[in-house]
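Engineer: If you scroll down you'll find the structure; I have some questions about it.
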Ligand SMILES: Nc1ncnc2c1ncn2[C@@H]1O[C@H](COP(=O)(O)OP(=O)(O)OP(=O)(O)O)[C@@H](O)[C@H]1O
Ligand SMILES: O=P(O)(O)OC[C@H]1O[C@H](OP(=O)(O)OP(=O)(O)O)[C@H](O)[C@@H]1O
């Protein structure tokens with residue numbers, strides 16, 4: 001177990017390296033995680049690794065005391081009973097509405113046609129709330145990845161997706177039309193662990209925030 005006595009859920013994929021760097025900097029030895037690509041549970045380090053979209057599931061159930069995942073994931077899974085403790089600063093990205101460059105604005109075009117805009121996304125929660133709040137009726141098409149393909153093939157008029165550098169949008173001839181949300185990595189806790197292991201959770205939170213400030 002690590003020095004905090006907490007089981008930490010760590011996201012694989014894009015945020016893995018920065019998360020391990022942050023944990024190393026606060027005294028959690030992540031060497032074994034870095035050396036094992038397929039292994040998922042690391043008892044000595046007190047780390048479990050998983051898809052970012054599963055982190056809140058494990059933390060909510062208490063299968064991990066704390067976890068790291070993207071704000072976008074938390075916004076999508078808005079009903080989860082977890083406590084958001086800190087913005088860790090890394091993993092910046094944005095959720096945007098985008099459509100084919102050169103085409104008319106899809107929202108205005110739908111209005112003009114008196115039709116409903118069709119939008120593909122894997123963020124159906126974020127998208128439906130956004131369109132509801134902005135008073136627009138849309139038809140959402142749930143896709144599981146490579147969302148940029150959907151408007152290029154005529155499946156939809158626009159997409160709601162994550163963009164970071166903008167490369168994927170550009171390489172697929174798409175342009176951003178509206179920004180919906182900003183995201184960075186967040187530290188979350190199980191509500192019971194937050195109460196019962198308050199000192200350890202707070203020590204980890206303070207250390208991670210301090211090292212993030214130092215690294216920035
Ligand atoms: N440049 C980026 N591209 C993609 N995701 C990023 C980027 N920067 C930060 N992120 C964060 O990483 C998360 C996605 O990570 P990744 O692409 O590795 O997972 P995934 O395979 O899409 O997983 P899941 O199925 O859980 O959504 C996003 O939800 C976001 O919070
Ligand atoms: O602006 P960029 O820096 O190009 O990054 C954005 C891309 O990253 C994400 O895809 P991801 O790798 O998570 O795969 P996915 O399409 O299967 O979700 C997102 O869906 C974009 O496709």
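The values are calculated or read from the model by the stated rules, or taken from the named source; none is laboratory data. Note that the structure is predicted; figures quoted are calculated from it, not measured. Ideal geometry is used to build each Cβ from the backbone, glycine not excepted, and the neighbour counts take in all protein chains shown.
Engineer: Of the numbered conditions (1) crowded, with 23+ Cβ neighbours inside 10 Å; (2) under 9 Å from residue 190 (Cβ atoms), residue 52 satisfies every one except a single condition; which is it?
Structural biologist: For residue 52, the exception is condition (2).
Engineer: Follow-up. Exactly one condition in (1) touching a residue at least 60 places away in the same chain (Cβ under 8 Å); (2) within 29 Å of residue 63 (Cβ to Cβ); (3) touching a helix residue (DSSP H, G or I) at 6+ places or on another chain (Cβ under 8 Å); (4) crowded, with 18+ Cβ neighbours inside 10 Å is not met by residue 184; state its number.
Structural biologist: (4)
Engineer: Answer with yes or no whether residue 169 is surrounded by 14 or more Cβ atoms within 10 Å (Cβ to Cβ) and either within 27 Å of residue 82 (Cα to Cα) or within 16 Å of ligand 1 (Cβ to nearest atom) (or both). Show your work before the answer.
Structural biologist: Working: surrounded by 14 or more Cβ atoms within 10 Å (Cβ to Cβ): yes; either within 27 Å of residue 82 (Cα to Cα) or within 16 Å of ligand 1 (Cβ to nearest atom) (or both): yes.
The answer is yes for residue 169.
Engineer: Hey, another quick one. Quick one: which residue in 81, 103 is assigned to a loop (DSSP other than H, G, I, E, B) and closer than 13 Å to residue 159 by Cβ? If you could, list the steps in order and put the result at the bottom.
Structural biologist: Values: 81 fails: closer than 13 Å to residue 159 by Cβ.
Matching residue, one of 81, 103: 103.
Engineer: Same structure, new question: Examine the range 114-131 for a residue that is farther than 28 Å from residue 64 by Cβ, out of contact with any helix residue (DSSP H, G or I) (no Cβ under 9 Å at 6 or more places or on another chain), away from ligand 1 (no atom under 16 Å from the Cβ) and modelled with pLDDT under 95, and state whether such a residue exists.
Structural biologist: Scanning the range 114-131 turns up at least one residue that is farther than 28 Å from residue 64 by Cβ, out of contact with any helix residue (DSSP H, G or I) (no Cβ under 9 Å at 6 or more places or on another chain), away from ligand 1 (no atom under 16 Å from the Cβ) and modelled with pLDDT under 95.
Per-residue answers, yes or no, for (1) more than 16 Å from the chain's Cα centre (by Cα); (2) within 24 Å of residue 60 (Cβ to Cβ); (3) not in a helix (DSSP H, G or I):
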| site | (1), (2), (3) |
| --- | --- |
| 96 | no, no, yes |
| 115 | yes, no, yes |
| 127 | no, yes, no |
| 132 | yes, no, no |
| 144 | no, yes, yes |
| 154 | yes, no, yes |
| 176 | yes, no, yes |
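Engineer: How about the range 9-34: which of its residues are touching a helix residue (DSSP H, G or I) at 6+ places or on another chain (Cβ under 7 Å), over 17 Å from residue 216 (Cβ atoms) and not in a helix (DSSP H, G or I)?
Structural biologist: 9, 10, 11, 30
Engineer: Something else about it: Of all residues in the range 172-214, which are within 16 Å of ligand 1 (Cβ to nearest atom) and either modelled with pLDDT under 95 or closer than 20 Å to residue 27 by Cα (or both)? Working first, answer last.
Structural biologist: First pass over the range 172-214, keeping only residues within 16 Å of ligand 1 (Cβ to nearest atom): 172, 174, 176, 179-188, 212.
Hits for the range 172-214 are 185, 186, 187, 188, 212.
To keep it simple, each residue is scored yes or no on (1) surrounded by fewer than 16 Cβ atoms within 10 Å (Cβ to Cβ); (2) closer than 30 Å to residue 151 by Cα; (3) within 18 Å of the chain's Cα centre (by Cα).
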site: 13; (1), (2), (3): yes, yes, yes
site: 44; (1), (2), (3): yes, no, no
site: 56; (1), (2), (3): no, no, yes
site: 60; (1), (2), (3): no, no, yes
site: 74; (1), (2), (3): no, yes, yes
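Engineer: Also: For the range 137-150, name all the residues that are in contact with a helix residue (DSSP H, G or I) (Cβ under 8 Å, 6 or more places away or on another chain) and farther than 16 Å from residue 95 by Cβ. Spell out how you get there, then give the answer.
Structural biologist: Keep residues of the range 137-150 that are in contact with a helix residue (DSSP H, G or I) (Cβ under 8 Å, 6 or more places away or on another chain), which gives 137-138, 140-143, 148.
Once the filter is applied, which keeps residues that are in contact with a helix residue (DSSP H, G or I) (Cβ under 8 Å, 6 or more places away or on another chain) and farther than 16 Å from residue 95 by Cβ, the range 137-150 yields 137, 141.
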